[in-house]
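Heads up, the thing below is written out as structure tokens.
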Amino acid sequence: MTPESGVTGVTIQTADTDAGPARVTWHRAAGARLVLAVGHGAGGGIEARDLTALAAALPGHGVTVALVEQPWRVAGKKVAPAPRTLDTGWRGVWPALTAPGLPVISGGRSAGARVACRTAAELGARGVLALSFPLHPPGRPEKSRADELLGTGVPTLVVQGGNDPFGRPEEFPAGPYELVQVAHGDHGFAVPKRAAVTQQEALAAVTAAVVTWTASLG
């Protein structure tokens, strides 16, 4: 892993993986007790509103945030590869994430949440943060991916929009995880202008849930 740039507490680094070079943007906390590593979804990058909100909020609570860009995004491709290749990229970044010597929470949004769930136990993650877990494709509840979520083997938090077409909170099965609902939020935690909560309040609900949960992990 080699440094590329660093400004005001933010450091961008690259890591070679068997799927190609990945990129990690570190938002470091002074006296950090945990690292929260978060991957993006299949349709976007680390600029997603929830990921940027977490990167801004968590370091103030003793959690370093590492935003991970998968090799396909670093290469400029428009379409995500197969799940197996995504898992390969995540595994390849893991040594860089553990290098600070702190427990690492494996996290992601959408497809990135699935990656975190599938690999958490083997990588020794302290926990899993699943943002907008895609429980099923829109309109296809029979295509459930619940097994991935139920099989993490580590403490797991799901933060889900109340209107997420990939799985509303009430669709999730009972299991060994916590679930926090973001009222009116869609798959990207966007809320309608007519909603009873503002966009800022919706993102504050996301960060508050993660702050509380990470505090319980150490």
### Query
Using a Förster distance of 41 Å, how high is the FRET efficiency between Glu178 and Arg28, based on the Cβ-Cβ distance and rounded to 0.05?
0.95
### Task
Scan [x] 1.23; [y] 0.94; [z] 1.01 for the value of Rg/Rh (Cα atoms, Kirkwood Rh) calculated from this model and give just the label.
[y]
### Task
Sticking with the crude label model, points 7 Å out along Cα→Cβ, report the distance from Val10 to Glu122 in nm, one decimal please.
3.3 nm
### Task
Label the range 104-218 by shape, choosing from rounded, prolate and oblate, from the square roots a ≥ b ≥ c of the eigenvalues of the Cα gyration tensor; if a/c is under 1.5 it is rounded, and otherwise prolate applies when a/b is larger than b/c, oblate when it is not.
oblate
### Task
Please get the size of the charge dipole for the range 22-88, origin at its Cα centre, with Cβ charges of +1 on Lys and Arg and -1 on Asp and Glu, quoted in debye to the nearest 20.
120 debye
### Task
Could you please put Val211, Val158 in sequence from largest to smallest accessible area, using a 1.4 Å probe?
Val211, Val158
### Summary
Counting only protein heavy atoms and rolling a 1.4 Å probe, one gets per residue an accessible area for the chain in Å² of 43 Å²
### With DNA, RNA and ligands ignored, accessible area of Ser110 (1.4 Å probe; Å², nearest 10)
20 Å²
### Task
Classify the range 131-187 as rounded, prolate or oblate from the Cα gyration tensor: take a ≥ b ≥ c as the square roots of its eigenvalues, call it rounded if a/c is under 1.5, otherwise prolate when a/b beats b/c and oblate if not.
oblate
### Message
Could you work out what % of the accessible surface of the range 1-83 is carbon and sulfur, using a 1.4 angstrom probe and leaving DNA, RNA and ligands out of the count?
### Response
54 percent
### Task
Would you mind telling me the share, in percent, of accessible area of the range 118-218 contributed by carbon and sulfur at probe 1.4 angstrom?
54 percent
### Query
For the range 170-216, what class follows from the C-alpha gyration tensor (a ≥ b ≥ c being the square roots of its eigenvalues): rounded when a/c is under 1.5, otherwise prolate if a/b is larger than b/c, else oblate?
oblate
### Task
With only Lys, Arg, Asp and Glu charged, each at its Cβ (+1 for the first two, -1 for the last two), find how big the charge dipole of the range 158-217 is about the Cα centre; round to the nearest 20 debye.
180 debye
### Summary
Rounded to the nearest 10 degrees, the helix 199-217 long axis (Cα) sits at an angle to the longest Cα principal axis of the chain of 60 degrees
### Message
Within the range 75-93, name every residue whose backbone N is under 18 Å away from a label modeled 7 Å from Cα of Leu217 along the Cβ vector.
### Response
90-93
## Note on the structure
Computed about the Cα centre, the charge dipole of the range 1-119 from +1 Lys/Arg and -1 Asp/Glu charges at the Cβ has a magnitude in debye, to the nearest 20, of 260 debye
### Query
Roughly how many Å² of Ile12 are accessible to a 1.4 Å probe, to the nearest 10?
50 Å²
### Message
Under 8 Å for C-alpha pairs, at least 6 residues apart: give me the relative contact order for the chain, rounded to a whole percent.
### Response
16 percent
#### Entry: On Cα atoms only, tilt of 83-98 relative to the major axis of the chain in degrees
50 degrees
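The values are calculated or read from the model by the stated rules, or taken from the named source; none is laboratory data. Model, not experiment: these values are computed from the prediction. Counting neighbours? That spans all protein chains shown, and the Cβs are built from the backbone with ideal geometry, glycine included. All accessible areas refer to the heavy atoms of the entire protein, side chains included, with ligands and DNA or RNA removed. Shrake-Rupley method; radii C 1.70, N 1.55, O 1.52, S 1.80 Å.
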